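The values are calculated or read from the model by the stated rules, or taken from the named source; none is laboratory data. Please read all numbers here as calculations on a predicted model, not as lab measurements. All Cβ positions, glycine included, derive from the backbone under ideal geometry; neighbour counts span all protein chains shown. Side chains included, ligands, DNA and RNA excluded: accessible areas come from the protein's heavy atoms. Shrake-Rupley method; radii C 1.70, N 1.55, O 1.52, S 1.80 Å.
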Amino acid sequence: MSCYCGSDKTYETCCAPYVNGTLPAQHAETLMRARYCAYVLGRGEFLVATTVPARQVPEDADLITAHAKNTSWLKLDILRSVEADSEASVEFKAYYKEADGVMRVHHELSTFLKMEGRWYYDAGELYHASIGRNESCPCGSGKKYKKCCGSAV
């Protein structure tokens, strides 16, 4: 099975070791990809644990897991990734479909901090975004959005 993050690797050889806690992510973008997989799989505890400790809210794990049951994550696009010694940023778009059947896009510039040798998600700046009519459909059909899932909108 291809990894949910969109790499050419299998999930088992790509993000699973990070999501399962076997390995710490060596790069902020790697952590971003693993966090996307955790959203796909409803692994709220991983998402809380990989947030900067001062910002962790343990109760969020249950909310994330419950939200995952009503959300179908479709695709992750990494737009830009910049990493320094202890700070990094990753801009991405994550496409998803909610229980109401409407496709949406989450566009964010995430910041990460490296603390005691581990990367953590710090914060995110959200951008207003929508799926463009001429974009490839996030469902993976290979058609333009307007000729596929966007035709019902």
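The table for this structure:
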{"item": "Checking H27 against (1) surrounded by fewer than 21 Cβ atoms within 10 Å (Cβ to Cβ); (2) in contact (Cβ under 8 Å) with a residue 24 or more places away in the chain; (3) of a type outside the set (D, E); (4) touching a Leu at 6+ places or on another chain (Cβ under 9 Å), the condition it does not meet", "result": "(4)"}
{"item": "Residue match in the range 120-135 (condition: open to solvent by 50 Å² or more (accessible area, probe 1.4 Å), at pLDDT 90 or above and of a type in the set (D, E, K, R))", "result": "yes"}
{"item": "Filter result (of a type in the set (S, T, Y), under 13 Å from A38 (Cα atoms) and part of a strand (DSSP E or B)) within the range 59-93", "result": "T71, S72"}
{"item": "Any chance A34 is assigned to a helix (DSSP H, G or I) and either hydroxyl-bearing (S, T, Y) or over 11 Å from the mean Cα position of the chain (by Cα) (or both)", "result": "no"}
{"item": "Which numbered condition W73 fails, given (1) in contact with a helix residue (DSSP H, G or I) (Cβ under 7 Å, 6 or more places away or on another chain); (2) without any contact (Cβ under 8 Å) to a residue 12 or more places away in the chain", "result": "(2)"}
{"item": "Residues satisfying the stated conditions in the range 82-93, i.e. within 16 Å of T30 (Cβ to Cβ) and surrounded by 18 or more Cβ atoms within 10 Å (Cβ to Cβ)", "result": "A88, S89, V90, E91, F92"}
{"item": "Close pairs (7 angstrom Cβ cut-off, 6 or more residues apart or separate chains): basic (K, R) in the range 104-120, assigned to a strand (DSSP E or B) anywhere", "result": "R104/Y96; R104/E98"}
